[in-house]
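**Student:** After the structure tokens below, expect a handful of questions from me.
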Amino acid sequence: MIDDFKNIPSKVNLEQFDISSFAKDKIRDLFRTGKVPTAEVMVDEILLRAVKSEATDIHFEPTDAELRIRYGSEGVLKKLVSLPREISENLANVLKTKGALNAFEKKKPQDGRFSLNVGLHQFDIRISTIPVMFGERIALRILEKNARVTSLDELGFTPENLIKVRNLLHRPNGLFIVTGPSGSGKTTTTYAAVNDIQGMEKNIFTVENPVEYKLDFASQVSASSDKSFTYVDALRAILRQNPNIIMLGEIREAETGVVAAEAALTGNLVLSTILSDSAIGAIFRLISIGVPPYWLASTLIGIVYQQLVRKICTSCKEEYQPTKADESSFVSMLAGEAKFYHGKGCEKCDNSGYYGRTAIQEVLVLNDQMRDLIYQHASIMKIKDAARASGFESAFQDGINKVKAGVTTISEFYRALG
């Protein structure tokens, strides 16, 4: 996609206003003499640079001395520029106006969205504001409209885990959960799962807030942010439409979880997401928000946990000898000898050594023993023991295997999994 934007020129040299590179007095002179572009032009330039660099998000962070602007790319934040703090409010007002937010409301969080066209590409920008000590911190999420839905085969599943996932998805009913931390690609995996099992003979619905990808084969419902039309309202209406498969954006509270479980119990395959730190942890997360254990025991069929890691750039990948600190802590976990790889840095990966991301995953398939334990509200250790006895492999082990296979690095493994 970067090649599509090469011929789109920048309109502003943001670096000349970077207070970490130029004296504040010099920058203030530019402001006083009217040589500074408008806030609208500066926002457009920031958005353009984000798209050119394939960033997934932008953060505007006012501090006591500056407005720090950083891009999120492949799960890592990178500095773009540090602007004078005085311009913070002007940029915030422009962004809030674009997102149809109240520019005068500065003491409460707000959420909105707007569209962005760059060349022949269209983007959906989600905006979130929150008041902080020195102004308003603003985060933008960048999503390309009409982007291709990823295939399950592209998501980093091992052959064994891919078979498990596809077996779960071809069950006629049940609750299938994708879990992980924020920004771990849960929605992408859920869409890929629905895409994998879609067909003319199936009646498929999705319920989201907002809809992220357009699916020609599904009826997509957008729940409202103001609670006038909730996930629960949508689910209850969908159940009267004789569905086969329902994709629910996220389970956040008990009522949604119970209705989702009810839908699964009455003959539908329901796919959804929830935030948690492991596949087994998702069970206790659902219980903690108020979903009764007997509903989960009756309906839950499987859980995928995932965490994203950066892949070694294939253009500059090379074998290397890890440091003794890395070797002593990581190699001790390996059975036998292993070769290690990293990216030495090149133009393709912007000298980072990484290009693209994949997922470290674990797939938990519920059996009768685990369902009994959930029904009994057993401890997490008992459920873990039952899972291991059934052949469950943790994301930690999957991460070790991806390092051994040269997919990612030791340092990236520790960054993602600790």
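Bear in mind that the values in this text are calculations on the coordinates, not laboratory data. The shown structure was predicted, so the numbers you read here are calculated from the model rather than taken from an experiment. Virtual Cβ from ideal backbone geometry, glycine too; neighbours counted across all protein chains shown.
**Student:** Under a Cβ-only charge scheme (Lys and Arg +1, Asp and Glu -1), can you give me the dipole magnitude of the stretch 31-92 about the Cα centre, in debye to the nearest 20?
**Tutor:** On the way: 9 positive and 11 negative charges, 53 e Å.
Roughly 260 debye for the stretch 31-92.
**Student:** Right, next: What are the residues whose amide H is under 5 Å from the amide H of Y320, where those residues sit 5 or more places off or on another chain and H is modelled from the backbone?
**Tutor:** The answer is F340, Y341, H342.
**Student:** Tell me, for the chain, which Cys residues have no other cysteine's C-beta sitting closer than 4.7 Å.
**Tutor:** Flagged as lacking a Cys partner: nothing.
**Student:** Using R₀ = 25 Å, calculate the FRET efficiency as 1/(1 + (r/R₀)^6) where r is the Cβ-Cβ separation of S222 and K52; round to 0.05. List each step's numbers first, then the result.
**Tutor:** Details: r = 30 Å, r/R0 = 1.19.
Rounded to the nearest 0.05, the efficiency is 0.25.
**Student:** List, in the order given, every pair from K186/K227; K106/K214; K317/K384; K98/K202 whose Cα-Cα distance in the structure shown is over 28 Å. Don't skip to the end; give the middle numbers.
**Tutor:** Numbers: K186/K227 23 Å; K106/K214 34 Å; K317/K384 37 Å; K98/K202 39 Å.
Listed pairs above 28 Å: K106/K214; K317/K384; K98/K202.
**Student:** Once Lys and Arg get +1 and Asp and Glu get -1 on their Cβ, which of G135, T409, N242 lies farthest toward the positive end of the dipole of the chain?
**Tutor:** G135
**Student:** A further question follows. What ³J(HN,Hα) values, in whole Hz, does the Karplus curve 6.51 cos²θ - 1.76 cosθ + 1.60 give for the stretch 99-107 when θ = phi - 60°, with x put for Gly and Pro?
**Tutor:** Per residue, the Karplus-derived 3J(HN,Hα) values read x, 6, 9, 7, 5, 8, 8, 10, 10 Hz.
**Student:** Eigenvalues of the Cα gyration tensor times 5, then square-rooted: what semi-axes does that give for the stretch 2-144, in whole angstrom, largest first?
**Tutor:** Numbers: eigenvalues 99, 79, 39 Å².
Semi-axes (√(5λ), whole Å): 22, 20, 14.
**Student:** For the pair K145 and K214, how long in nm is the line joining their label points, each one 7 Å along Cα→Cβ?
**Tutor:** Reported label-point gap for K145 and K214 is 0.8 nm.
**Student:** Extending each Cα 7 Å along its Cβ direction at L265 and T63, get the distance between those two points in nm, one decimal.
**Tutor:** It is 5.3 nm.
**Student:** Taking the mean number of other Cβ atoms within 10 Å as a proxy for protection, how do you rank 379-386, 48-55 from highest to lowest? Present the calculation step by step, with values, prior to reporting the outcome.
**Tutor:** Details: 379-386: 14.9, 48-55: 18.6.
Order by mean packing, descending: 48-55, 379-386.
**Student:** Only helical DSSP H runs with n ≥ 4 go in: add -39500 (n - 2.57) per run for the chain, normalise by residue count and round the 222 nm mean residue ellipticity to 500 deg cm²/dmol. Can you show the working numbers first?
**Tutor:** Working: 14 runs with 137 residues, N = 418.
Counting only the DSSP helices, I get -9500 deg cm²/dmol.
**Student:** Past 32 Å, Cα to Cα: identify those pairs from K11/K78; K96/K145; K96/K348, in the order given.
**Tutor:** On the way: K11/K78 21 Å; K96/K145 21 Å; K96/K348 34 Å.
The pairs that break the limit, which is 32 Å between Cα atoms, are K96/K348.
**Student:** What translational D, rounded to a whole number of µm²/s, comes out for the chain from Stokes-Einstein when the hydrodynamic radius is the Kirkwood one over Cα pairs, at 20 °C and 1.002 mPa s? Working shown, then result.
**Tutor:** Details: Rh = 23.7 Å.
Result for D is 90 µm²/s.
**Student:** Students often forget the sequence filter, so: which aspartates and glutamates lie under 18 Å Cα-Cα from K402 once same-chain residues fewer than 8 apart are removed?
**Tutor:** E74, D153, E154, E160, E318, E319, D326, E327, E337, E362, E393, E412
**Student:** Oh, and also: What does the charge add up to near T206, with Lys and Arg as +1, Asp and Glu as -1, over the other residues with Cβ less than 11 Å from its Cβ? Could you put the intermediate results ahead of the total?
**Tutor:** Values: positive: K214; negative: E208, E212.
That works out to -1.
**Student:** What does the charge add up to near P131, with Lys and Arg as +1, Asp and Glu as -1, over the other residues with Cβ less than 9 Å from its Cβ?
**Tutor:** On the way: positive: K106, K107, K108, R137; negative: E136.
Residues close to P131 contribute a combined charge of +3.
**Student:** Amide H of V178: which non-local residues (sequence gap of 5 or more, or other chain) have their own amide H closer than 5 Å, using H built in the peptide plane?
**Tutor:** S272, T273, I274, V304
**Student:** To continue, here is another question. Picking from G174, L116, F392, whose Cα lies most toward the positive end of the charge dipole for the chain (charges on Cβ: Lys, Arg +1; Asp, Glu -1)?
**Tutor:** L116
**Student:** May I pose another question? Rounded to the nearest 20 debye, what is the charge dipole size of the chain about its Cα centre when +1 sits on each Lys and Arg Cβ and -1 on each Asp and Glu Cβ? All intermediate terms of the calculation are to be shown ahead of the outcome.
**Tutor:** On the way: 51 positive and 51 negative charges, 91 e Å.
The calculated dipole for the chain is roughly 440 debye.
**Student:** Using the charge dipole of the stretch 152-417 (Lys, Arg: +1 at Cβ; Asp, Glu: -1 at Cβ; taken about the Cα centre), state which of F157, V291, Y231 has its Cα farthest towards the positive end.
**Tutor:** Result: F157.
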